[in-house]
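Please treat every number below as a calculation from the coordinates, not as lab data. The model shown is predicted, which means the values in this text are computed figures rather than measured ones. Cβ atoms come from the backbone with ideal geometry, glycine included; neighbour counts cover every protein chain shown.
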Amino acid sequence: MESFHNELTDKLMDTISKLKTRKDCYDFFEDVCTIKEILDMSKRLEAAKLLDKGLSYNEVIEKIGISTATLSRISKALNYGTGGYKKVIKKN
């Protein structure tokens, strides 16, 4: 698989890291993403937090309304990924 790390994605990540307020984030993400994409990302983050707290798949699915396939992907990233979820969870 080709890496998505490139000049354009570097610029995107730099841009996101410079957003300072919640309103700035909403304004940017509403222009860049669909509402469904934003909602899906928020569900994924919440699911990762709940898994990290020790909730079972069934408990997370019941609370968040996320598919088992998506939850499995989140769990894999949480346990074997780059540590992105853990960094964000630790800050919240």
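Key figures for this structure:
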read-out	value
Inter-part distance where segment 1-23 and segment 56-84 are each reduced to a Cα centre, Å	24 Å
Exposure proxy order (Cβ contacts within 10 Å, fewest to most) of I89, I74	I89, I74
Qualifying GluC sites (Glu not before Pro) in segment 1-74, DSSP loop, other Cβ atoms within 10 Å at most 12	E2
Residue order, fewest to most surrounding Cβ atoms within 10 angstrom, among Y85, Y80, Y26, Y57	Y80, Y26, Y57, Y85
Relative contact order %, the chain, counting alpha carbon pairs below 8 Å whose residues are six or more apart	19 percent
Projected label distance in nm at E46 and D10, using a 7 Å step from Cα toward the beta-carbon	3.7 nm
Per-residue [θ]222 nm for the chain (sum of -39500 (n - 2.57) over DSSP H runs n ≥ 4, rounded to 500)	-23000 deg cm²/dmol
